[in-house]
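Have a look at the structure below before the remarks.
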Amino acid sequence: MRPITVNTLARRKQAGEPITCLTAYDASFAALLDRCGVDVILVGDSLGMVVQGHPTTLPVTIDDMCYHVANVARVTHNAMIMADLPFLGDADAPTALQQSGALLRAGAHMVKVECGLAELPIVERLVAAGIPVCAHLGLTPQAVHRMGGYRVQGRDPHAAAEMESLAARLEAAGAQGLLLESVPEELADAIVRATDIPVIGIGASPRCDGQVLVIQDVIGLTPEPPRFARDFLGDGGSLEGAVRAYCEAVRARTFPESGVHTYR
C-alpha cells in the first residue's frame, strides 16, 4: 500500500470513495489501525478525556500532543496522521506556527484547527508555511464553556448560513480538509456539496466524504457514548474485527445511519 496523503484524500472525494478515520494515541492502537487499512489516524486532543481522565480537552498541552503523535508515528506506515492543535495553540500566528511545526516534527502530516472567523488568518499563515490544515467546524470541544456544553451547532438558519460561509472561506484560505462535528444532517450535506475539499463527519451526515470516531467509542469502552457513536466490537468479535467492521460500514455507507447517528 502507498502512504495516504492529502492528494489521496482529494482523489477519494472526487471519486466518491468514503474516507475512514479513527483516533489513536499510542503505538499499539496505531499499529492496529494501520494494519486494518484506516486512511487517517487522528491523534486528537480527546486524549485529555479518554487517556488523561479530564472532563474536557482544555488541559491538553502541546507537549502532550507531540508525545502521543510521536508514539503513533513510530509504527504507522500507510495511514495519514492528523493531529489536533491544542487549546490556545492558535492564539496568534507565531504560536500556531511554532506548535504546528512541533506536531509535524513529531510525525504528523496534517494539523486540525478548531475554527471560527478569527482563525481564518491563522489558517492562511499555516498554509503559506507549507502546513496542511483540516478546519474543524460545528461543535468545537475547545469552546465547550462558551457553547454552554456539548451541543449541536448550526440548527438555526442564521448559524447554518454562517457555517456554510465560513466553510467556503476556509477552503479559499487553503484548508485541505474540513471536519464537521454535531451539525444537522441537512447543513452537513450542503457543505459537502459546496466544497471541493474532503469533508469528514462525526455526528454530521452519511454523505460526508469520510467519517471519524474516537476508538474507545468503536470498541465499547465509553460508558455513556454520544449519539453519533456505535459499538462495533459486537459486529467484529475482536479489536481488529471491530476496526475492520467500522471501515467496511463507512465504505459501504451503512454507518452512520441517517436519523440514528445524525441530527436534525
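Applying a threshold of 9 Å to beta carbon distances and a minimum spacing of six or more residues, or different chains, the list of pairs starting in the stretch 15-37 at a residue that is of a type in the set (Gly, Ala, Ser) and ending at one that is modelled with pLDDT under 95 and not in a strand (DSSP E or B) reads GLY37/MET1.
For the stretch 1-48, name all the residues that are under 19 Å from GLY241 (Cβ atoms) and touching a His at 6+ places or on another chain (Cβ under 8 Å).
Step one: of the stretch 1-48, the residues under 19 Å from GLY241 (Cβ atoms) are 20-24, 28-39, 41.
Passing the criteria: only ASP34.
If you go through the stretch 40-61 and pick out every residue that is free of Cβ contacts under 8 Å to residues at least 60 places away in the same chain and among the hydroxyl-bearing types (Ser, Thr, Tyr), you end up with 1. Filtering the stretch 24-60 to residues that are of a type in the set (D, E, K, R) and in a helix (DSSP H, G or I) leaves ASP34, ARG35.
Taken as a whole, the structure places LEU85 among residues that are more than 17 Å from MET1 (Cα to Cα) and within 14 Å of the chain's Cα centre (by Cα). Would you confirm, using the coordinates I've provided, whether VAL43 is in contact with a helix residue (DSSP H, G or I) (Cβ under 7 Å, 6 or more places away or on another chain) and under 18 Å from GLU181 (Cα atoms)? In short, yes.
Flag set for GLU224, criterion: charged (D, E, K, R), closer than 27 Å to LEU239 by Cα and either surrounded by 20 or more Cβ atoms within 10 Å (Cβ to Cβ) or out of contact with any Ser or Thr (no Cβ under 9 Å at 6 or more places or on another chain) (or both). Residues considered: LEU166, LEU170, LEU179. Of these, the only one that is among the hydrophobic types (A, V, I, L, M, F, W, C), at pLDDT 95 or above and under 24 Å from PHE255 (Cα atoms) is LEU179. If the condition is being hydroxyl-bearing (Ser, Thr, Tyr) and under 18 Å from VAL43 (Cα atoms), then the stretch 202-230 contributes only THR222.
Flag set for ALA93, criterion: small (Gly, Ala, Ser) and within 26 Å of GLU164 (Cβ to Cβ). Could you check the stretch 219-264 and list, in sequence order, the residues that are part of a loop (DSSP other than H, G, I, E, B), within 19 Å of the chain's Cα centre (by Cα) and of a type in the set (Ser, Thr, Tyr)? Correct list: THR222, THR262.
The values are calculated or read from the model by the stated rules, or taken from the named source; none is laboratory data. Quick caveat, the model's predicted, so the values are computed rather than measured. Using ideal geometry, Cβ is built from the backbone for each residue, glycine included, and neighbour counts are taken over all protein chains shown.
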